[in-house]
């Protein structure tokens, strides 16, 4: 077991040892296979002194509002409830008994399975040594909270936590999830829209830590750490029959730590091959491939046999810190990665177009940039020579290296307007002349800015108002920078001129923001997240920020081997 995996386990394990459920309106039951509180029998009443022996009995008996405490011990049976809850205050809850850590192990399949169920919570359970982790199919308002999922052996299947079949408004929160040698740890597909993934630590996935192939999901405040392959992916799925495809758009990836993707050149921190997503306030670092890779995946067939061209189009990527990516020690001409890359993977003519890439801080990416073979004329003329068309950035999004002869990635990509952040000795062919961001503690990956940073007040407004007016509906040039929370979380708090307001609804078609207060605005007023000083800062962290919950989570510390 690696030190990294051991390190990440303790803090998450601690999340559920002393958990207490929100009481429903129903009965309280106990499962106690080792008869800690009384001799167990499935013929008992299920009280603490007359507990049931099996989770199966709970599955068959619980109804809306009921809570079952599972006492310590190892259980070889799955959580598969037969009925549903009816509301957030009348859920069915499976939870560990206070101070004890029940383990579910040895299941050949999903140890947690919901099919066409609603309003059920599972909290504080350890699941390890099973084929997979959890299945959520055609279900809504399912909550997986504070569990420890590890060591899937994949006797069957490819995805550990799978949301599909129109599953919506589910929450995967506060979990440790990891150590899969095959496949995706988390995947959404086939209409699994409007789901929340928050405060999880996800590590060691054979294909990715999380793979989003659906719409209107929020992924925030997580740690994604994957030395086995890519860390995160948002992909427009075109393989297989249409009923299992995914249209990945309008997702929000924010405030995450995304790191250590590997082990080879093309495994990115984020692989993005889908349109209309928001990527913001994340830290991407120490990824073997690019921190962020925008690309195309080739043509496919959509509903009714209509062709679709899945590619990264009209995404909004802003206020991220992208540090020491593209770190493969030995690179050939076609193995070069960067802080960010734009890539046509299948050479089928589809392009990466119309993306907005603004106020990101790029620093010390690709130490092997000056590969002498990289800009050879033979490489530029050979269409199969270079699979990653390199767009490498200085801090502030000024494009300072682009292979012009091979930049076939379409038009309309916007990289911000700031050009004053170039180092004094900047040149087209050097990757060494950065302005030092003056992080608080670079060695320990504290990427907040100190007071002397040259990137304070150097950002630009994300968009501007269109016309003047007063009221609570504001038209802007581009509303796709923001979200109203999709009914999962609160909408963005933003600054319009000098007014700080909260977004309650967005009409993306008309670029209209509905806000919580009436204000007065002029034409072309700047619109951004709240900031201190004269302008927004560059990177994931606003110096002396008023942004509140936009600081990425600290990496877990402590160790307990399981």
For this session: Within region 177-185, identify whether any single residue is over 17 Å from residue 132 (Cβ atoms), more than 13 Å from the chain's Cα centre (by Cα), assigned by TED's automatic domain parsing to the domain that holds residue 111 and assigned to a loop (DSSP other than H, G, I, E, B), and answer yes or no.
Result: no
Exercise. For residue 470, which of the numbered conditions (1) in a strand (DSSP E or B); (2) surrounded by 18 or more Cβ atoms within 10 Å (Cβ to Cβ); (3) outside the structural domain of residue 282 (by TED's automatic domain parsing) fails to hold?
Worked result: (2)
For this session: Collect the residues in region 165-177 that are modelled with pLDDT under 95 and on the phi < 0 side of the Ramachandran plot, keeping them in residue-number order.
Result: none
For this session: Can you confirm whether region 471-485 contains a residue that is more than 19 Å from residue 255 (Cβ to Cβ) and in contact with a helix residue (DSSP H, G or I) (Cβ under 6 Å, 6 or more places away or on another chain)?
Result: no
For this session: Considering each residue of region 64-76, count those that are in contact with a strand residue (DSSP E or B) (Cβ under 7 Å, 6 or more places away or on another chain), surrounded by fewer than 18 Cβ atoms within 10 Å (Cβ to Cβ) and in a loop (DSSP other than H, G, I, E, B), and give that number.
Result: 1
Exercise. Residues 515, 496: which one is touching a strand residue (DSSP E or B) at 6+ places or on another chain (Cβ under 6 Å) and within 29 Å of residue 173 (Cα to Cα)?
Worked result: 515
For this session: Output the number of the condition that residue 129 fails; it satisfies all remaining conditions of (1) at pLDDT below 95; (2) closer than 19 Å to residue 195 by Cβ.
Result: (2)
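The values are calculated or read from the model by the stated rules, or taken from the named source; none is laboratory data. These numbers were taken from a predicted model, which means no experiment stands behind them. Every residue, glycine among them, receives a Cβ derived from its backbone with ideal geometry; neighbour counts consider all protein chains shown.
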